[in-house]
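See below for the structure under consideration.
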Amino acid sequence: MTIDPSLDKRETVSPVLSKEETDLDNEFHSLSRESSVASAEEDENKTVDEAVPPRHPPADERDDGPVVVPRLKRRGLLGQFTLLAEVEDARTYPRKTKWFITFIVALAGAIAPMGSSIVFPSLSQVAEDMDSSSTITNLSISLYMLSMSIFPLWWSSFSERLGRRTIYITSFCLFVFFNCLSARSTSIAMLIVMRMLSGGAAASVQAVGAGTIADMWEPRERGRAMGIFYLGPLCGPLFAPIVGGVLAQRWRWRSTLWFLAVFGGLALIFIVFALPETLIKHKTADTAAVNSSASDDEPDASDGGRRLSRVSSRQVVQFTARWLKLLKIIFIDPLKIVLYLRFLPVLLTVYYASITFGSLYVLNVSIEDSFGKEPYNFSTIIIGLLYIPNSVGYIVASVFGGRWMDKIMEREARKANRYDESGKLIYRPEDRMRENTWFGAMIYPAALIWYGWTVQNGVFWLVPMIANFFFGVGSMLIFSTVTTMLTEFMPKKSSSGVAVNNFLRNIFSCVGSFVTAPIIQAIGNGWLFTILGLVAFLSSSAILALKLYGSRWREKMDARMT
């Protein structure tokens with residue numbers, strides 16, 4: 001992947017408009033700017049483009065070290081409290097620092113899926129205490145997942161303007177608050193609503209976290225880093241059911257929600273003191289335009305009453321326009337992220353990931369529903385332990401899959417002889433979908449069918465658990481590939497691409513977790529997972545389409561986004 005030097009030149013020096021923000025506003029047809037500001041920017045950029053070198057060349061071409069931001073100028077909420085120094089460009093951090101930040105984000109990313117999985121072993125207790133049916137009780141998980149699909153649209157949009165750190169701190173404060181209320185719920189309705197809000201709060205890391213990884217890591221290393229990051233969100237289900245089973249067996253289901261509140265609070269403390277802002281700093285066009293217009297409209301004491309009246313009227317109009325702009329940023333711009341689905345590379349990638357992620361939650365509900373009954377009759381703790389095999393598969397695929405994916409990227413670039421002017425390899429997102437993705441696309445649907453019929457016939461529990469391990473390996477290969485590709489399809493808005501992925505895939509998981517139990521009762525595990533496996537096999541045609549036409553589609557997408 002190459003960086004257009006002209007873009008960096010403009011965003012470095014121009015005191016009026018940031019090129020990246022100009023692209024965003026042009027794309028979404030934002031409010032028009034003052035013509036004088038636009039013309040001034042054009043004239044200045046013409047001069048700047050001829051004289052100023054790029055500010056942010058690729059990390060492997062920089063000779064200087066990171067430029068540390070003074071403590072009092074650090075960005076983000078409570079930015080002065082960070083023990084790890086903020087730098088102007090996160091790509092210049094030493095590798096050890098990058099891995100440390102990746103670890104923090106992965107740890108925070110584990111909390112949202114942990115919130116859904118930790119209550120799986122105790123759903124029967126919730127139904128008993130709240131005098132509710134299992135279908136209604138499952139809404140506390142389904143709507144939790146639904147909120148995890150919607151809220152990241154806002155978190156992602158705000159993070160591109162406010163920075164990553166502010167979003168992390170705000171969302172985790174809300175997560176702790178809503179989990180405390182969930183633990184104190186007096187009715188099933190209150191529990192469902194509070195769980196839904198807590199899920200939306202914790203979901204920030206799923207979109208913003210991938211953006212943080214893209215802020216720091218170059219494309220040639222991003223696959224491995226994204227795989228390590230995804231260890232958090234996908235290993236949350238490894239520990240959550242075990243912890244949930246032990247807590248629920250000893251102190252009932254409410255203790256699982258108190259655990260989430262405490263864990264979220266500890267993660268919040270860690271973020272406040274150890275996670276600096278990583279988003280590259282740009283001066284927004286909105287701020288420049290507002291400042292310019294405000295200075296132009298400052299009334300002079302020597303002006304007459306007519307001048308003051310005209311200035312006052314203009315200030316009222318500008319005040320109203322600023323509030324309308326703010327309302328647009330809060331309510332409209334986040335929803336526009338969904339418009340990325342109109343691009344075929346994004347749509348196909350997100351669709352395939354959604355099928356895979358929905359299958360994961362159908363499997364999770366099936367484990368709790370099937371192994372607590374005949375012929376297995378496992379206890380709450382044992383049911384929690386049954387979630388370990390697929391999580392072990394996630395770990396194996398994360399450790400080796402990311403490195404495998406990066407090697408494939410390098411191999412394909414060399415094979416195609418793609419080099420830039422400085423002799424660096426040019427990487428393309430669609431190169432990540434090669435034999436690694438085909439392996440995952442074949443193995444995880446087969447594992448679903450394997451699991452379904454062995455559970456349906458009451459086969460010894462170890463046999464379906466082996467199937468779950470292979471499901472974990474195959475699905476994780478898909479997850480890490482898709483997430484990395486989306487950050488590269490939209491390099492300037494990496495968290496927006498991941499937010500679109502979360503939006504669609506969590507809707508699939510919401511539906512899957514809600515309908516699984518009734519479908520099992522109607523047709524059994526065997527036919528349910530056979531249908532799901534066949535759908536997954538057929539959906540892998542998206543990989544073939546991206547391999548054949550991905551480059552052409554991406555070029556058209558880039559042209560429409562610029």
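Counting only residues that are in a loop (DSSP other than H, G, I, E, B), of a type outside the set (Ser, Thr, Tyr) and over 19 Å from Ser480 (Cβ atoms), segment 179-213 holds 1 of them. For segment 391-407, a residue qualifies if it is at pLDDT 75 or above and of a type in the set (Gly, Ala, Ser), and the qualifying residues are Ser391, Gly393, Ala397, Ser398, Gly401.
Kindly indicate whether any position in segment 550-560 is crowded, with 18+ Cβ neighbours inside 10 Å, touching a residue at least 12 places away in the same chain (Cβ under 8 Å) and of a type in the set (S, T, N, Q). No, there is no match, as no residue in segment 550-560 is crowded, with 18+ Cβ neighbours inside 10 Å, touching a residue at least 12 places away in the same chain (Cβ under 8 Å) and of a type in the set (S, T, N, Q).
When the test is whether a residue is of a type in the set (A, V, I, L, M) and closer than 19 Å to Arg222 by Cα, Ile443 does not pass it.
The set of residues from segment 248-262 being buried (at least 22 other Cβ atoms within 10 Å of the Cβ) and within 22 Å of the chain's Cα centre (by Cα) comprises just one member, Leu260. Restricted to segment 495-518, and to residues there that are under 9 Å from the mean Cα position of the chain (by Cα) and either under 19 Å from Ala536 (Cβ atoms) or small (Gly, Ala, Ser) (or both), the residue that is modelled with the highest pLDDT is Asn501.
Taken together, the residues in segment 150-166 that are in a helix (DSSP H, G or I) and over 11 Å from the mean Cα position of the chain (by Cα) amount to 11. Would you confirm whether or not segment 471-490 contains a residue that is open to solvent by 10 Å² or more (accessible area, probe 1.4 Å) and either modelled with pLDDT of 95 or more or over 20 Å from the mean Cα position of the chain (by Cα) (or both)? Yes, segment 471-490 has at least one match. Please tell me if Leu146 is modelled with pLDDT under 85, open to solvent by less than 10 Å² (accessible area, probe 1.4 Å) and within 30 Å of Ile332 (Cβ to Cβ). Taking the combined requirement at face value, the residue does not satisfy it. Within segment 214-247, the set of residues being crowded, with 24+ Cβ neighbours inside 10 Å and not in a helix (DSSP H, G or I) comprises Trp217 only. Those helices (runs of 4 or more DSSP H) of segment 32-130 in which 2 or more residues are at pLDDT 85 or above and open to solvent by 70 Å² or more (accessible area, probe 1.4 Å) occupy 95-109, 123-129. Taking segment 408-425 as the range and being of a type in the set (Lys, Arg) and either surrounded by 14 or more Cβ atoms within 10 Å (Cβ to Cβ) or modelled with pLDDT under 80 (or both) as the test, the residues that pass are Arg418, Lys424.
Taken over segment 171-196, residues that are of a type outside the set (Val, Ile, Thr) and either on the phi > 0 side of the Ramachandran plot or open to solvent by 50 Å² or more (accessible area, probe 1.4 Å) (or both) amount to 8. Among the conditions (1) polar (S, T, N, Q); (2) more than 26 Å from Asp215 (Cβ to Cβ); (3) open to solvent by less than 40 Å² (accessible area, probe 1.4 Å); (4) at pLDDT 65 or above, Ser313 misses just one, which is (3). In a residue-by-residue description of segment 426-435, the property of being open to solvent by 10 Å² or more (accessible area, probe 1.4 Å), out of contact with any strand residue (DSSP E or B) (no Cβ under 8 Å at 6 or more places or on another chain) and at pLDDT 80 or above applies to at least one position.
The values are calculated or read from the model by the stated rules, or taken from the named source; none is laboratory data. What you see is a predicted model, and the numbers here were worked out from it, not measured in a lab. Glycine also receives a Cβ, built like all others from the backbone with ideal geometry; neighbour counts cover every protein chain displayed. For accessibility, only protein heavy atoms count, side chains too; no ligands or nucleic acids. Shrake-Rupley method; radii C 1.70, N 1.55, O 1.52, S 1.80 Å.
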